[in-house]
Amino acid sequence: MLKRLSALTVSVLLPLSPLSSVAQTPGGASGYVIVYINGLSTDPIGAQDGLDALSALYAAQYNNQPVSYTLFYTPTDGLTQDVINAFAQRVQSTPGLTDRWELIWDTLDGGGTVSDLAIAENPSLSSLVSDLKTTFLNDVSSNVKNLTSNKEFQPAVDQFTSALTTYYTQQKKTLGVAHSQGNVYLNAAYDAVKPQLKTDSLRTVQVATPAATVRDPQGRYVTSTTDLVIQAVALALGNVEPANTDGPILAALSSDTGYGHKFVDIYMNPNYKLLPAIKALADSNLQALQTPAP
Amino acid sequence: MLYRLWFVIVLSLTLYVVSGCGNGSGKSGTPTAAVTSITVSPGSTTILMGKQQQFSATATYSDGSTKSPSTGTIWSSSNTAVATVDGSGLVKGVAPGNVTISVAVGSVNGTSSTKVETVLATLDRSTDVAGLDKDNNGVRDDIDQVIAGFGLTASQTKALTQFAAALQVAILSSPDRSSAYANAMELHRGQECVFSQLTADSTKYTKQIKAFTLNTQPRVMAFVGFSHNASGAVYPQPTGTICK
C-alpha cells in the first residue's frame, strides 16, 4: 500500500519538476535536441525551412528517445542590406525601368520563379536580376570578414550559449547543425559552453563553413566542391576549411541556387551527394552523444 | 415484310440527312458550301494566371454565309506552359507570356493572338506598407488573388492564407524584439501549416507569397526591420495545433 502511495505521489509531482521528462523516458535519458543555426542572407522564413529540412531527417524520435528541434536565428542584415542598396541604386539610375522590389528575393533566397515571371513579361529585367546576383556574390566575403566585429554578434552568441546551457541542465543531448556564417556563431557558443560539460553531450555538424576551424572531435565537416560562395570567401580571407564533398556542377553555376551554397536547395537536396554526407556525420555524432551529467 | 419496312426507314434517314445539311437561316452555308475561313473571338485578350475564358469560333462558307462550326473543330495552344485550351475552346492562363490560340475545321485554320497577363502586373504597389485589404482577412487583396490563382484545394489555400496573414502582421507590427519574436513564432507556425498541407511543394508557394507581399521598398524595409528584431533569438519548432 505504501509502495502504491509512493508511486502515486511521484506520478503527481513529476510533471511539476523541470526534469520531469528525464524520468519519463527509457533509461533516464531525456532525449535529443537538434539545433539549426542559419547562414548568410537568411530571413526567419528561410531559417525555418532549414530547420524543417533537418526535422524531416529524424522526425520525432531517435534511438527510441524524443527529438526536439530548435532554431538559433542569427542576424543577417549586412548582406541583405547590400542587395537592397544595389537594387535601390539601379532603380534610381534607370528611371522608368522598374521598381519591382519582389525581384530581390530570388537573389537573397535562391530560386528563380519570381524573376522568371517578371523576365517573361519584360525581358529587359534580366540584366537587373543578373546585377543583383553579382552584388550578392561580391559582398559575401566582406560580410563574413566583419561578422565577429558586428555589434549584433556577441549578444546573439550569449543567447545561444544560454540555450545550450539550458539543454545541458535539462540533460538533453545536443546536436548543433550550422550552415555558412552560422558556423562562426556555433563555434563561439560551443567554446563558451564546452568547459561546463562533464560528458560528451554536445556535438556539431558544420556545413559550408567559412571558418578556419570546426568543433567536431575528428575535424569532420561538409563543404561542397562547387560551393562558389565558400570559394569566394576562401579567396578573399584565405584561412577557410577546404571543400571536401562533391557538389552539383550545373546547379552551382546557376545563381538560382545561391551559387551552390543554399542549405535547403543544395546541401539538403536528396539529388546530390552532400545530403548523404551530412546525414552520415549527423548519425555518427548522434550515436556518440552522451547524456549530460548533473 | 419486316425487311421492306427496314429499307423504308433507312431510305428516309438518308434523304433527311442529305436535305437537312446546312438547312435553316440565310446565314447558314448551303449543302455544298465549303468552309473558307475561320475567325476566333476574342481576337486579343488578357487572362489572369489561373483564370479561364471561353473562346468561340465563327466559320465563313464559300456561299458567303457565316456560322459557328458545330462539329469538327480542333482547338490548340501554341504554348501550353502559358495557356491551355480544351475541346470546347475554354482557355486557362497558366503562366505569364504570349500565346496563340488556334482553331481548325478540316484543313482551314483560324487563330487568335492572346496575351496571358502575369500576376505581377496586378500587384498592389501603393506607398503604404499595409496596402488594400477590403475583406479584412488580414491579407492584402492582391495576395488573396495570387493565392487563389494557384488553384489549390480549400485546405491548402487556407494554409497559405494563414502564412500570408502572419507575414503581413510581421511587417506591420514588429517595432521591438518582443513583438518580432511573437510574430516570428506565428510566421513559423504558418510555415508549418503550409508544410503540413503541401509538403515538398510548400516552399515553392511560400517564396512566391513572400516576394509578392514584399514588393515595394517600404515593405522590404519593414521586413528587414522585422528580421533584425527577430534575430539573435532561440525559436523552438512549433508544435500542437499549427493550422488555425
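Quick note: the coordinates plus some simple rules give every number you see, no bench work behind them. A quick note: this is a predicted structure, and the numbers were derived from the prediction, not measured. Glycine also receives a Cβ, built like all others from the backbone with ideal geometry; neighbour counts cover every protein chain displayed.
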Margin query: What's the ranking of A:171-184, A:211-224, B:56-69, B:218-231 by average number of surrounding C-beta atoms within 10 Å, highest first?
Written below: A:171-184, B:218-231, A:211-224, B:56-69
Next item on the list: If a/c stays under 1.5 just call it rounded; otherwise compare a/b with b/c (prolate if a/b is bigger, oblate if not). Do that for region B:123-230, with a ≥ b ≥ c from the square roots of the Cα gyration tensor eigenvalues.
Entry: oblate
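State which entries of A:LYS172/B:LYS204; A:LYS172/B:LYS207; A:LYS145/B:LYS210 exceed 32 angstrom in Cα-Cα distance in the structure shown. Write down the numbers at each step before the final one.
Working: A:LYS172/B:LYS204 34 Å; A:LYS172/B:LYS207 34 Å; A:LYS145/B:LYS210 29 Å.
Where the Cα-Cα span goes over 32 Å, the pairs concerned are A:LYS172/B:LYS204; A:LYS172/B:LYS207.
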Margin query: Under the rule of at least 5 residues apart or a separate chain, name every residue whose amide H is placed under 5 Å from the amide H of B:LEU90.
Written below: B:PHE55
Next item on the list: List the aspartates and glutamates whose Cα lies under 16 Å from the Cα of B:LYS67, skipping any in the same chain that are fewer than 8 positions away.
Entry: none
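Which whole number gives the average, over all residues in B:196-207, of C-beta atoms from other chains lying within 10 Å of the residue C-beta?
Mean inter-chain Cβ contacts per residue within 10 Å come to 3.
Taking 22 Å as R0, compute the FRET efficiency from the Cβ-Cβ separation of B:THR58 and B:ALA81 and round it to 0.05. Numbers along the way, then the final one.
Working: r = 28 Å, r/R0 = 1.27.
My answer for the efficiency is 0.20.
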Next item on the list: Mind checking B:219-225 for the average number of partner chain beta-carbons within 10 Å of each residue's beta-carbon?
Entry: 4
Notebook entry, point to check: From the phi of every residue in region B:126-140, what ³J(HN,Hα) in whole Hz does the Karplus formula 6.51 cos²θ - 1.76 cosθ + 1.60 yield, where θ is phi - 60° and glycine or proline is x?
Noted result: 5, 6, 7, 6, 5, x, 8, 9, 5, 8, 6, 9, x, 10, 4
Check: Considering amide H positions built from the backbone, and no H for Pro or chain starts, which residues 5 or more places from A:GLN181, or on another chain, come under 5 Å of its amide H?
Finding: A:LEU40
